[in-house]
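K.L.:
What follows is a structure written as structure tokens; I'll ask about it next.
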Amino acid sequence: MNSSLAANPPVATPFFFYLLAAVMIVGGILVITRKNAVHSALALITTLLAQAGLYLMLYAPFVAGVQIILYAGGIMVLFLFVIMLINIERTMKERQFNKQWLVGIVAAGALGGLLIAAYTTTTGGRTLFPLGRQSYVDGDNTQRIAMLLFDNRFGTYMFAFEIASLLLLVAIIGAVVMAKKRI
Amino acid sequence: MNAIIDYIQSYLRTKDVTPGGDGNIFWATVYILLVFVGLSVAVIAMNWLERKILAHMQVRLGPMRVGPHGLLQPIADAIKLLLKEDIIPAEADALVFWVAPFIVVLAAFTVFVVVPFGPEHAITDMNIGILFMLGVSSLSVLGIVTAGWASNSHYPLIGALRSSAQMVSYEVAMGLAVVSAIMMTSLGEKGGTLSMIGIVESQYQQQEWFLFKFFPLGVIAFGIFAIAMVAETNRAPFDLPEAESELTAGFHTEYSGFRWSLFFLAEYSAMIAVSSIAVTLWLGGWLRPFPNALSGPTWELAFSLVPGLAFVFLAAMCFYNTARMPKHPLFRIQTMGLAGFGALLGLIGIVLFLPGVRERVQDVFWFAAKVAAFMYLYIWYRGTFPRYRFDQLMRVGWKVLLPIGLGLLICTGLWVMRVEVWHEVIVPAWLGCIGLLRRIF
């Protein structure tokens, strides 16, 4: 609260970035290569936690906190909950990969090309990823999110936010309808 | 060399800044070690207190043999646990079995990074403090679930399933209660905040604990949290994940020795963590009683003497019980030990009277005293309430606490924004109704 970016410059930023990125990549590879679903889920949790660390490095503490609460603490617990009820021994024997190299390579290439295009495209001399980033003072970040959502002058994302919450509501109702035999 | 000393001293010259906020690595490390040691001592003390208090509630004596009044029992237990064989079952998933206790302990201890023991006595002050606490403490369920699954045994699996269902359910109600308290901070001078220190400062500025704010809204929010936090920590009456009569020991049935003691450590430090959330949000954190009404140098002095007096009182109780010890020669060492313990408490009390010490320590004392009250409540619950059935547990979580929490959230929001609501909703609506009626008639 009392600290600001000027008083407290970030320490060893490249080191932490590469560390977190390496953890994320290794975790991601483990997710798809482990035969045991619980191991995959644990690797996925590691990846999500490292991602929360990356959000912190981008001065988005609120997003990092929500990432931990929702993904690592909420959704992954439900994942594990379901996986634990599956007969692991049977799934271990089944063939893991659906070998479709051609489609896979095309899809991966297209996605990679899209990302590179998005990174390099300039519109009117400005890229999507400018070198200097706009960062807010530490104490003020969470409030800015609320401003972007609800403020009268800057609140441009209200509609998108409400649509997203409606989508979640539909998913909740769908889950109840599917789970309940008699409503 | 001088530069290092200067670096260490530079933090001492600052005021009202946490070591993390100042960016001072040395003092941050010192604070981390202090919190770690303090927490471990608190867990050891809780171990003894829980047995003693439970025993006295059931008209028993409790541990009496190891040390005077069983004071050394926790140490004997710790040695026993460390010397025990650490068994990993043959059919268990060894890696996950090995990792699970560490996940639980990490989650339970990391939380204390943001706990404010005083205006500058916290490791650091995060912008998202309370969110961080809720998030990291919600990770402990991962450890419990993986422990139950990796044991590859029926009772632990059922315990883990129960625990994950229970903790996920009660997290919802807990979150709603917390949001209601955070809304109240927006009436402070600096506006709304999620920072743990900011929340306590906001209570100071509003001259009211959030427990009594917007009566009865604050009390209801606190009540929801107080119920949900017992369920979150898997304690009686919500201790279904480790119900010994049904599941042997629940998710940690297959654990032994050091690994089991890690679960024990994590459970108690998680209890202290959720209690400190409750104290920070609703009971004014480190603030002493009546910081606004009874201010001024005389009252400051009077209240700053309380920590020392409390320890002197404990020492006096020790000496009183020393005098009551049996006079038999076999009890001589025990009597001397109790007198020594009383002398130690008295010495701590005298140190707390020193002017330099008492000004710095009283915040920590009040915080610890409030948390201690919660720890006593935990033991009291365990001594009095019968265990819930699982369907009852789910009904309380989803059909009682969640609707009340949602209603509370709406009421708190409306009350915080009452001026805006009055001017922008109720008055225009009323005028509109009158206009409509005029046009019709």
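K.L.:
Does any residue of the range B:111-127 turn out to be over 18 Å from B:Glu171 (Cβ atoms), part of a helix (DSSP H, G or I) and at pLDDT 85 or above?
P.N.:
Checking the range B:111-127: at least one residue is over 18 Å from B:Glu171 (Cβ atoms), part of a helix (DSSP H, G or I) and at pLDDT 85 or above.
K.L.:
Still on this model: Tell me which residues, restricted to the range B:1-45, are among the β-branched types (Val, Ile, Thr), assigned to a helix (DSSP H, G or I) and surrounded by 18 or more Cβ atoms within 10 Å (Cβ to Cβ).
P.N.:
Those that are among the β-branched types (Val, Ile, Thr), assigned to a helix (DSSP H, G or I) and surrounded by 18 or more Cβ atoms within 10 Å (Cβ to Cβ): B:Val35, B:Val43.
K.L.:
Next question. What helices (runs of 4 or more DSSP H) lie completely within the range B:246-348 and have 2 or more residues being touching an Asp or Glu at 6+ places or on another chain (Cβ under 9 Å) and either under 23 Å from B:Met46 (Cβ atoms) or not acidic (Asp, Glu) (or both)?
P.N.:
Those helices (runs of 4 or more DSSP H) span B:257-282.
K.L.:
Considering only residues that are more than 9 Å from chain A (Cβ to nearest Cβ) and either part of a loop (DSSP other than H, G, I, E, B) or more than 30 Å from B:Ile87 (Cα to Cα) (or both), look in the range B:131-157 and name the one that is modelled with the highest pLDDT.
P.N.:
Within the range B:131-157, the match that is modelled with the highest pLDDT is B:Met133.
K.L.:
Here's a follow-up. Has the range B:79-97 got any residue that is surrounded by 23 or more Cβ atoms within 10 Å (Cβ to Cβ), in contact (Cβ under 8 Å) with a residue 12 or more places away in the chain and in contact with a Gly (Cβ under 7 Å, 6 or more places away or on another chain)?
P.N.:
Looking through the range B:79-97, none of the residues is surrounded by 23 or more Cβ atoms within 10 Å (Cβ to Cβ), in contact (Cβ under 8 Å) with a residue 12 or more places away in the chain and in contact with a Gly (Cβ under 7 Å, 6 or more places away or on another chain).
K.L.:
Here's another thing I want to ask about it. Report, ordered by the first and then the second residue, all pairs with beta carbons closer than 8 Å, sequence separation of six or more or different chains, a first member in the range A:20-33 that is loosely packed, with under 12 Cβ neighbours inside 10 Å, and a second member that is of a type in the set (S, T, N, Q).
P.N.:
A:Ile32/A:Ser40
K.L.:
Of the residues in the range B:39-74, how many are of a type in the set (A, V, I, L, M, F, W, C) and within 20 Å of B:Val105 (Cβ to Cβ)?
P.N.:
Residues in the range B:39-74 being of a type in the set (A, V, I, L, M, F, W, C) and within 20 Å of B:Val105 (Cβ to Cβ): 7 in total.
K.L.:
Another one. For A:Gln100, indicate whether it is more than 30 Å from A:Gly65 (Cα to Cα), of a type in the set (S, T, N, Q) and modelled with pLDDT of 75 or more.
P.N.:
Against the criterion (more than 30 Å from A:Gly65 (Cα to Cα), of a type in the set (S, T, N, Q) and modelled with pLDDT of 75 or more), A:Gln100 qualifies.
K.L.:
Hey, another quick one. Among the residues of the range B:61-87, which ones are within 27 Å of the chain's Cα centre (by Cα) and assigned to a loop (DSSP other than H, G, I, E, B)?
P.N.:
Answer for the range B:61-87, where residues must be within 27 Å of the chain's Cα centre (by Cα) and assigned to a loop (DSSP other than H, G, I, E, B): B:Gly62, B:Pro63, B:Leu71, B:Leu72.
K.L.:
I need the full set of residues from the range B:213-244 which are surrounded by 20 or more Cβ atoms within 10 Å (Cβ to Cβ), touching a helix residue (DSSP H, G or I) at 6+ places or on another chain (Cβ under 6 Å) and part of a helix (DSSP H, G or I), in order please.
P.N.:
B:Leu217, B:Ala221, B:Phe222, B:Ile224, B:Phe225, B:Ala228, B:Met229, B:Ala231, B:Glu232, B:Leu240, B:Pro241, B:Glu242
K.L.:
Run down A:Phe17, A:Phe62 and say which single residue is at the interface with another protein chain (Cβ under 9 Å from one of its Cβ atoms) and either at pLDDT below 90 or touching a helix residue (DSSP H, G or I) at 6+ places or on another chain (Cβ under 8 Å) (or both).
P.N.:
A:Phe62
K.L.:
Moving to a separate point now. Kindly evaluate B:Leu247 against the criterion of being under 23 Å from B:Leu354 (Cα atoms), at pLDDT below 90, buried (at least 18 other Cβ atoms within 10 Å of the Cβ) and not small (Gly, Ala, Ser).
P.N.:
So B:Leu247 fails the test.
The values are calculated or read from the model by the stated rules, or taken from the named source; none is laboratory data. All values derive from a computational prediction rather than experimental measurement. No Cβ is skipped: glycine too gets one built from the backbone with ideal geometry, and neighbour counts run over all protein chains shown.
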